[in-house]
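What follows is one structure encoded as structure tokens, with my remarks underneath.
The values are calculated or read from the model by the stated rules, or taken from the named source; none is laboratory data. Not measured: the values here are computed from a predicted model. Glycine gets a Cβ as well: all are built from the backbone with ideal geometry, and neighbour counts include every protein chain shown. To get the accessible areas, we keep the full protein, side chains included, count just its heavy atoms, and leave off ligands, DNA and RNA. Shrake-Rupley method; radii C 1.70, N 1.55, O 1.52, S 1.80 Å.
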Amino acid sequence: MNLISICDIMVKELEEIIRNTKKIKASPRRYKNSLSGKILAMIFEKPSTRTRISFDVAMLQLGGHAIVLKKSDMQLGRGESIGDSARVLSSYVDGVMARVNKHETLVELARNSKIPVINGLSEIEHPCQIISDLFTINEVMGRLKGINIAYVGDGNNVCNSLIPGCAMLGINLTIASPRGYEPSKKILNQGIRISRKLKSRIRIVTDPKTAVRDAEVVYTDVWVSMGDEVGYKRRLNAFRGYQINKKLLGFARPDCKVMHCLPAHRGLEITDDVIDGPNSIVWIQAENRLHTQKAILVKLLNEISVYSSYKSKIILG
Ligand code: CP
Ligand code: NVA
């Protein structure tokens, strides 16, 4: 089983991971041998603080071990194929987590692996982040179904995973992005189709004020993701008016919770007074990455391996 897209898991598996995260967070020491002897390889083509450290610590605290690899440290960096690298890794370790420039790299890794492949962020999706965020919302709000979330900002990887995540759990999601920076149309339409079955609503608007009205959770992410640096200034211009600040929160419910996957660019997509203010649950959100990684790893690494016939369940593009 792989976790390349949030759509790789079924609703009941997503709910199971959220339930298990709660148990693991409550009694971490009870799980100290859950992955005894298991080894996770982690490949990074882009920087990371939270994903890298939380996966590393999670493996250690579950009795396993993680090996951190930069692409440039591997023959992969000198042109060895992803397929060949995946076959070799499969004979040494029990799972691979990769943060990649191109989502296709993960798909290719999975096609050639007999071990689980976990997406630690691609330009298309960030499923581990969103699974953890759904746990956080449930922990803080006490429920998920019917919650109103507003995502204000770039229709990026985080937004692309949030859409199916919300759809699968019956959450109402309103996205406010400037024209030209909306999430993938295909992912959005796929999310809308799933949400209809669960009687929730996923919609896209351009006005942030419209999005935050009635929102119980207001979520944002950077305006310039890793790899999107070309056209930086154009982006900053486009996102003017999409900042999560006190003025915008004035249009939301006074008790709404503010989320950001981090790293934040303070003063751009979010102001200091909001990220450090009473509505922010950003630090709980960051801590929960550790607890959720554990639940994800226990689920995936304890499964029996067979050569993967991975077919991407998200429509690329
Ligand atoms: N949110 C997140 O994935 O952070 P890192 O880039 O630090 O891993
Ligand atoms: N959208 C951001 C998320 C960082 C965790 C990026 O891809 O850079």
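LEU301 sits among other residues whose Cβ lies under 10 Å from its own Cβ, and their net charge, with Lys and Arg +1 and Asp and Glu -1, is 0. For the chain, the square roots of the Cα gyration tensor eigenvalues, ordered a ≥ b ≥ c, give a/c of at least 1.5 with a/b greater than b/c, which places it in the prolate category.
For HIS265, HIS103, give the ranking by accessible area with the largest first, probe 1.4 Å.
Numbers: HIS265 80, HIS103 0 Å².
Ranked list, largest accessible area first: HIS265, HIS103.
I'd like the chymotrypsin sites (Phe, Trp or Tyr not before Pro) in the stretch 33-115 restricted to DSSP loop residues with at most 13 other Cβ atoms within 10 Å, sorted by number. Qualifying residues, ordered by number: TYR92.
May I ask you to list the residues of the stretch 171-206 whose amide nitrogen lies under 20 Å from a point 7 Å from Cα along the Cα→beta-carbon direction of ARG234? So the set is 177-185. Sorting the segments 113-121, 135-143, 228-236 by their mean number of nearby beta carbons within 10 angstrom, highest to lowest, gives 113-121, 135-143, 228-236. Under 5 Å from the amide H of ALA66 lie the amide H atoms of LEU40, each residue being 5 or more positions distant or on a separate chain, with H modelled from the backbone and absent for Pro and chain starts. The protection proxy used here, the mean number of other Cβ atoms lying within 10 Å of each residue, ranks peptides 30-39, 144-153 as follows, highest first: 144-153, 30-39. Computed with a 1.4 Å probe on the full set of protein chains, the accessible area for TRP283 sits at about 130 Å².
Please say if the stretch 183-260 is rounded, prolate or oblate, where rounded means a/c under 1.5 for a ≥ b ≥ c the square roots of the C-alpha gyration tensor eigenvalues, and otherwise the choice is prolate for a/b larger than b/c and oblate otherwise? It would help to have the intermediate numbers written out before the result.
Numbers: a/c = 2.25, a/b = 1.14, b/c = 1.98.
Judged from the Cα gyration tensor, the stretch 183-260 comes out oblate (a/c at least 1.5, b/c at or above a/b).
The magnitude of the dipole of the stretch 109-257, with charges of +1 and -1 set on the Cβ of Lys/Arg and Asp/Glu and taken from the Cα centre, is near 560 debye.
A crude spin-label estimate for the pair ARG29 and ARG143, with each label 7 Å from Cα along the Cβ direction, gives 3.6 nm. The sum of -39500 (n - 2.57) across all DSSP H runs of n ≥ 4, divided by the residue count of the chain, sets its helix-only mean residue ellipticity at 222 nm to -12000 deg cm²/dmol. Each residue of the stretch 171-176 is assigned a 3J(HN,Hα), and the resulting list reads 8, 8, 10, 10, 10, 10 Hz, derived from the Karplus form 6.51 cos²θ - 1.76 cosθ + 1.60 (θ = phi - 60°), x at Gly and Pro.
Show LYS294, LYS25, LYS246, LYS186 ordered by accessible area, largest first, where the area counts protein heavy atoms only and the probe is 1.4 Å. Walk me through the numbers on the way to the answer.
On the way: LYS294 5, LYS25 50, LYS246 130, LYS186 105 Å².
Heavy-atom accessible area, descending, gives LYS246, LYS186, LYS25, LYS294.
Can you figure out the FRET efficiency of GLU182 with GLU104, using R₀ = 25 Å and their beta-carbon distance, to the nearest 0.05? Write out the running numbers ahead of the final one.
Working: r = 22 Å, r/R0 = 0.87.
Taking R0 as 25 Å, the efficiency between GLU182 and GLU104 is 0.70.
Cross-link partners for LYS71 among the lysines, with Cα-Cα distance under 28 Å and sequence neighbours closer than 8 places in the same chain left out: LYS38, LYS46, LYS102, LYS114, LYS294, LYS299, LYS311, LYS313. These residues, LEU188, LEU69, go from largest to smallest accessible area, 1.4 Å probe, as LEU69, LEU188.
For THR220, tell me the accessible area in Å² from a 1.4 Å probe, rounded to the nearest 10. The accessible area of THR220 comes to roughly 0 Å². Cα centroid separation, the stretch 1-66 to the stretch 81-124: 16 Å.
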